[in-house]
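Remarks on the structure that follows.
The values are calculated or read from the model by the stated rules, or taken from the named source; none is laboratory data. If you're wondering where the values come from, they're calculated on a predicted model, not measured in any experiment. Cβ placement follows ideal geometry from the backbone for every residue including glycine, while neighbour counts extend to all protein chains displayed.
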């Protein structure tokens with residue numbers, strides 16, 4: 001199927017160049033560029049009945065199946081296949097219709113010139129997996145659920161600006177934005193619709209049976225789950241878009257990355273995803289017979305994330321010294337074989353909003369020690385520094401079984417000890433690590449990879465806004481509990497500006513403040529090594545999303 005061409009339709013949200021400006025400069029691809037796979041029913045009707053299965057190996061276990069509750073990247077693999085957004089985003093950064101018949105723009109009358117009035121037209125042929133029709137009532141319910149104070153929402157930013165949501169007909173919905181909000185299109189591109197007829201009658205949406213056996217409109221239906229082992233999805237024969245060609249998709253949980261790679265070599269799994277093939281196996285993997293191995297540029301940034309509410313990290317000098325005492329070059333060269341990109345920011349280097357002029361970190365034990373000496377952090381028992389009753393001793397956590405991260409931890413542990421800082425390693429199984437421990441900020445520090453953007457949009461209020469901390473009653477992913485009023489102001493400014501050049505000036509400042517404050521100690525931008533059996537067609541990376549199995553209905557076996 002050829003790439004969708006909407007150039008004549010003004011398929012940018014506000015002007016014809018917006019899509020190109022927001023798109024990443026490079027495309028993570030393995031093969032030809034594919035659209036989101038939401039095709040017309042006439043095309044779908046020509047497809048052969050689905051057959052066979054594909055087994056996708058994951059190092060983390062998906063556990064959150066309501067897409068609007070707090071969750072992490074691995075859960076997106078389920079969401080993208082069980083649910084649909086109104087429109088999605090392609091690898092090139094182009095918005096593509098899904099449950100909407102067209103992407104709303106100023107040119108087609110879907111958005112007013114001031115960005116405040118929205119009109120969305122919906123498909124008439126989409127159905128929920130239980131056979132009920134999808135309508136504008138479901139859209140209204142979804143958008144209101146996300147901001148409901150009684151719902152444990154994963155993100156309210158952007159959605160909280162909607163006013164006067166009006167169902168015009170089963171296939172049309174209107175709303176007003178309280179103010180112009182440039183990131184909202186990208187937010188909608190990963191906002192999955194959920195069924196009103198099921199969730200509205202639940203006694204408590206937070207604990208509804210739906211959350212463990214979701215019903216969507218997507219190309220695959222929920223099948224079975226064996227906790228700690230795998231999840232099976234089954235092809236949806238009534239899908240309104242591109243019909244799946246594969247009957248069964250199995251997401252197999254393999255926490256040990258060496259075992260995951262071994263099962264890829266032996267053919268027990270067909271596709272490697274999250275975390276995939278580790279860099280130390282790349283040279284061998286790329287020469288395996290019957291396997292295709294690709295390097296995918298992604299927007300994910302690896303960092304040491306600090307819990308800013310811990311007394312050890314209140315002093316900015318401590319954060320500066322910790323950062324200075326990380327030997328990033330050795331970690332990148334020796335553990336990641338030079339396949340990842342050193343960075344000083346949360347912004348991917350392919351973004352139009354990337355700030356290349358941030359101070360470069362330099363590994364210097366002596367200078368880090370002097371910073372702490374001058375700030376009054378003096379060695380105490382066991383040589384560990386203390387000040388005002390606070391000892392520079394804390395835990396660092398990450399996913400148990402991720403051997404490369406565990407080696408990085410040990411290396412950082414040694415260099416931090418050299419400046420009088422005690423880092424105790426406390427790793428946890430993925431389901432525990434990235435559950436309440438992470439979401440509710442129960443950690444001291446973690447090593448984590450985050451994609452801080454929403455699609456290609458630079459807005460990061462969800463991660464750095466002071467109102468986006470779950471542990472403080474907010475909704476978002478500011479799990480470091482970072483607060484900076486100037487950053488809040490700048491994020492609000494950037495979200496209200498439509499002009500790309502003006503927005504960039506704002507986000508350049510935000511990156512500078514984050515680099516100065518160091519709630520995260522940035523290590524590198526990932527380049528993923530992924531593999532799949534050579535007979536599989538349609539596997540395509542998407543730098544604008546957080547997970548590779550985003551278009552499984554476009555996959556097929558030859």
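Assorted remarks:
- Taken over segment 435-470, the residue count meeting the criterion of being without any contact (Cβ under 8 Å) to a residue 40 or more places away in the chain and assigned to a helix (DSSP H, G or I) is 1.
- Hey, residue 105 touching a residue at least 12 places away in the same chain (Cβ under 8 Å), surrounded by 19 or more Cβ atoms within 10 Å (Cβ to Cβ) and either farther than 24 Å from residue 147 by Cα or within 14 Å of the chain's Cα centre (by Cα) (or both) or not: yes
- Unique match (being under 30 Å from residue 55 (Cβ atoms), surrounded by fewer than 20 Cβ atoms within 10 Å (Cβ to Cβ) and at pLDDT 95 or above) among 220, 192, 151, 210: 210
- Single condition residue 526 does not satisfy, out of (1) touching a residue at least 60 places away in the same chain (Cβ under 8 Å); (2) outside any loop (DSSP other than H, G, I, E, B); (3) out of contact with any strand residue (DSSP E or B) (no Cβ under 7 Å at 6 or more places or on another chain); (4) over 17 Å from residue 157 (Cα atoms): (3)
- No other residue among 516, 502 is in the same structural domain as residue 406 (by TED's automatic domain parsing) and either within 25 Å of residue 116 (Cβ to Cβ) or buried (at least 24 other Cβ atoms within 10 Å of the Cβ) (or both) apart from 502.
- Residue selection: residue 93 satisfies the criterion of being under 30 Å from residue 496 (Cβ atoms), crowded, with 19+ Cβ neighbours inside 10 Å, in contact with a helix residue (DSSP H, G or I) (Cβ under 6 Å, 6 or more places away or on another chain) and in contact (Cβ under 8 Å) with a residue 60 or more places away in the chain.
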